[in-house]
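Read the figures in this text as sums done on the coordinates, not as results from a lab. All figures in this text were calculated on a predicted structure; none of them were measured in a lab. With ideal geometry, Cβ positions are generated from the backbone for all residues, glycine too; neighbour counts draw on all protein chains shown.
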Amino acid sequence: MGRLLGLVTHNWPLKIGAIILATLLYSGLVLSQNARVWPGRVPIEAVNQPPSAFLLETLGDVSSIRFYAPTDVATRVTTADFRATVDLANVVVVAGGPPVGVRVTVTVLDPRIKILDYQPQLVAVRLDPVIARTVPVVVDHGSVPAGLILGEPSLGAVTVIIRGASSLVARVQEAVARVMIDPSGINVDGDVDLVAVDVRGDVVAPLDIEPDRVHVGIRVDRVVASRSVPVAPQLSGTPSAGFTVRSVTVDPAAVTVLGSTDLIAGLAVLATAPVALSGRSADFSATVVLRPPDGVSVAGSVQVVVSVRLVAARGSRAFGMGLGLVGGSPDRSYVPSVRDVLVTLGGASEALDALDAATLEATLDVASLPFGVSSVAVQFTPPAGMTLVSLSPTHVNVTVVAGPTPPPGPTPTPSPIPTL
């Protein structure tokens, strides 16, 4: 008896472990033989998503769910028996960040159902910060039916606020109100849904738009007549001090307008939006829109290019200056009939105002003059950038006698003389 007991208890831990392992293997074999694969799909839900973040990816579905359940339960399994989730609590919110793998968890509501396997086990997610931005509202009326012309659209709001994932908000160029023009010529007057679009006109979604609808009004008229009308650029403000407008050109110089005979018959020119001159000191070009009156439209583009050329403001100033003698002989005396002359200079007003009259000099060339009285031309070179308007007198009588030239008397300091 003792020997039999010894055989039973000898290495008893190993024997118990073998029994447990055999039991598990047997159970696994039984479960595997009775496991089923549910052919349906379970949508994956996000849980614990931060309120200030947007989930960029679509999570998809869990499929190929392999499970074990009693036969009566297994035959009645539906989508409602499973729930697939991903926990986003620990996913870092990064604008433009890379995808992050998050484990998928599948749970069952009926405890008699045991999940063995499912696909996918991981999904890639990206959380983008939620931001808001203001964008302009534009109207897209599509093609205009033949025989109709449209007035300038009026909008209940010219800007709206878009809110959503930063990567999507950054793509938005504008919010578009799309309307259709009825061939019957009925005016557009109603609230229109807005869609956010990028620079290519493609819809950017999903985004919140506030407000998501805007009132659009467009006057629709029938085309009766057309005529070419010159474009009249409108200028506003004044250039910087010392500058003035030299010329204004517009491209195109004329456009074709459409409208009723009465409206376009009295239209002499078509004005542009104002072109600002304030603070300008150099030539420039600006693209501006045309402003036709109500009931008149422009065939083609409503934008023109206005080119403005500026020049420094010009004027004239008169200056008195003394005469100098050049080329004289030391054994002769030279006596001019006048000691100073009056010179009038033209040029930029700023340059004339800054000119120091003491730097101006007129001369008489007395070289080779005979004894007696001779008429000598006054020589004067204007400063750079200025022109000689007048010189008075242009000639001075010089008396030449024998003997050294007496020292000149005091010459009055030149000073500007206002132009009359």
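Do the sum for the chain: with -39,500 (n - 2.57) for every DSSP H run of n ≥ 4, divided by all residues, what is the mean residue ellipticity at 222 nm, to the nearest 500 deg cm²/dmol? All intermediate terms of the calculation are to be shown ahead of the outcome.
Values: 6 runs with 50 residues, N = 420.
After summing the helix terms and dividing by the residues of the chain, the value is -3500 deg cm²/dmol.
Please report the antiparallel percentage of the DSSP beta bridges confined to segment 33-125, to the nearest 5. Please list the in-between numbers first.
Details: 18 of 22 bridges.
Looking only at bridges with both residues in segment 33-125, the antiparallel portion is about 80 percent.
Only Cα pairs under 8 Å and at least 6 apart count here; give the relative contact order of the chain as a rounded whole percent.
Working: 893 pairs, mean separation 40.1, N = 420.
Across the chain, relative contact order equals 10 percent.
If Lys and Arg each add +1 and Asp and Glu each add -1, what is the summed charge of the other residues whose beta carbon sits under 15 Å from the beta carbon of P99? Write down the numbers at each step before the final one.
Details: positive: R103, R126; negative: E57, D128.
Net charge in that neighbourhood comes out at 0.
What number comes out for the charge environment of E210, summing +1 per Lys or Arg and -1 per Asp or Glu over other residues with Cβ under 14 Å away?
Charge balance near E210 sits at 0.
Using only alpha carbon pairs under 8 Å that are at least six residues apart, calculate the relative contact order of segment 33-125 and give it in whole percent. Please list the in-between numbers first.
Details: 168 pairs, mean separation 33.4, N = 93.
Relative CO of segment 33-125 lands at 36 percent.
Once amide H atoms are placed 1.01 Å from N in the peptide plane, what residues at a sequence separation of 5 or more from N187, or on another chain, have their amide H within under 5 Å of its amide H?
Amide H neighbours of N187: V220.
In debye, nearest 20: dipole of segment 225-312 around its Cα centre with unit charges on the Cβ of K, R (+) and D, E (-)? List each step's numbers first, then the result.
Values: 5 positive and 4 negative charges, 45 e Å.
I would put it at about 220 debye.
Quick check: residue separation of S329 and A225 times 0.36 nm, minus the Cα distance between them. What number comes out in nm?
Details: separation 104, 0.36 × 104 = 37.44 nm, distance 8.62 nm.
Gain on stretching S329 to A225: 28.8 nm.
³J(HN,Hα) across segment 56-67 via Karplus (A = 6.51, B = -1.76, C = 1.60, θ = phi - 60°), whole Hz, x for Gly/Pro?
Running phi through 6.51 cos²θ - 1.76 cosθ + 1.60 with θ = phi - 60° gives 6, 7, 8, 6, x, 10, 8, 9, 6, 6, 9, 8 Hz.
Lys and Arg at +1, Asp and Glu at -1: add these up for the other residues within a Cβ distance under 15 Å of Q303 and post the number. Kindly include the intermediate steps, with their values, before the conclusion.
Values: positive: R291; negative: E152, D251.
Local net charge: -1.
Can you compute the charge dipole magnitude of the chain about its Cα centre, using +1 on each Lys and Arg Cβ and -1 on each Asp and Glu Cβ, nothing else charged? Give it in debye, rounded to the nearest 20.
Values: 28 positive and 33 negative charges, 297 e Å.
Its charge dipole is roughly 1420 debye.
Under a plain spin-label model, where a point goes 7 Å from the Cα along Cα-to-Cβ, how far apart in nm are T58 and R291?
Distance between the two pseudo-spin positions: 5.0 nm.
Given H placed on each backbone N at 1.01 Å, which residues far from D61 in sequence or on other chains put an amide H within less than 5 Å of it?
Sorted by chain and number, the residues that satisfy this are I44.
Which of the listed residues, A313, V203, N397, is farthest toward the dipole's positive end in the chain, when Lys, Arg count +1 and Asp, Glu count -1 at the beta-carbon?
Final value for the positive-end residue is V203.
Applying the Karplus parametrisation 6.51 cos²θ - 1.76 cosθ + 1.60 with θ = phi - 60° to the phi angles of segment 111-126, what ³J(HN,Hα) value in whole Hz is obtained for each residue in order, glycine and proline being reported as x?
Per residue, the Karplus-derived 3J(HN,Hα) values read x, 6, 9, 10, 7, 9, 6, 6, 9, x, 8, 10, 10, 8, 10, 9 Hz.
What length, rounded to one decimal in nm, is gained on full extension from A299 through to A367, with 0.36 nm per residue of separation minus their alpha-carbon distance? Walk me through the intermediate numbers first.
On the way: separation 68, 0.36 × 68 = 24.48 nm, distance 7.49 nm.
That pair, A299 and A367, stretches by 17.0 nm at full extension.
For segment 33-125, what class follows from the C-alpha gyration tensor (a ≥ b ≥ c being the square roots of its eigenvalues): rounded when a/c is under 1.5, otherwise prolate if a/b is larger than b/c, else oblate? Please list the in-between numbers first.
Working: a/c = 3.11, a/b = 2.60, b/c = 1.20.
It is prolate, given that a/c is not under 1.5 and a/b is the larger ratio.
Given the convex hull of the Cα atoms of the chain, what is a quarter of its surface area in nm²? Provide the component values of the computation, followed by the final result.
On the way: hull surface 205.5 nm².
Its average projected convex-hull area is 51.4 nm².
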